[in-house]
Amino acid sequence: MLFPPGVTMVIKGLKHFAEINRMFDPATQRERFRYSLRRESSPDILYWGHEHTEEAAMEMANMYLNLLDDCVTELRHKPGPRAQHVQFIAAPKGLRA
């Protein structure tokens with residue numbers, strides 16, 4: 001499903017949402033689809049990326065949105081004090097678990 005330029009597709013999660021926008025890449029002269037993830041209560045972008053097709057952008061946005069939802073669900077059921085922040089850190093391949 002293609003949407004007109006400037007229109008945003010929104011995918012809603014538990015506490016986060018993803019936006020998908022159509023954009024034009026002047027470097028490659030091609031259309032791209034940018035996705036960004038935000039917390040409902042914050043204007044800050046938690047994660048973003050871009051793909052060549054709308055379907056790929058929707059798939060990636062859904063994947064990261066599901067990951068964030070899983071974190072929210074897990075933190076809700078964990079006993080003890082709640083964490084104030086969840087942070088994703090990219091590590092070199094050798095340091096990954």
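Among the numbered criteria (1) touching a strand residue (DSSP E or B) at 6+ places or on another chain (Cβ under 9 Å); (2) part of a helix (DSSP H, G or I); (3) modelled with pLDDT under 90, which single criterion is violated by C71? Checking C71 against (1) touching a strand residue (DSSP E or B) at 6+ places or on another chain (Cβ under 9 Å); (2) part of a helix (DSSP H, G or I); (3) modelled with pLDDT under 90, the one that fails is (1). Entry remark, segment 3-30: residues being open to solvent by 80 Å² or more (accessible area, probe 1.4 Å), in a strand (DSSP E or B) and not basic (K, R) number 2 in total. In segment 32-61, the residue that is least open to solvent (accessible area, probe 1.4 Å) out of those that are in contact (Cβ under 8 Å) with a residue 12 or more places away in the chain and among the charged types (D, E, K, R) is E54.
The values are calculated or read from the model by the stated rules, or taken from the named source; none is laboratory data. It should be emphasised that the depicted structure is a prediction, and the values quoted were computed from it without experimental measurement. Glycine gets a Cβ as well: all are built from the backbone with ideal geometry, and neighbour counts include every protein chain shown. Please note that ligands, DNA and RNA were not included when accessible areas were found on the heavy atoms of the full protein model with its side chains. Shrake-Rupley method; radii C 1.70, N 1.55, O 1.52, S 1.80 Å.
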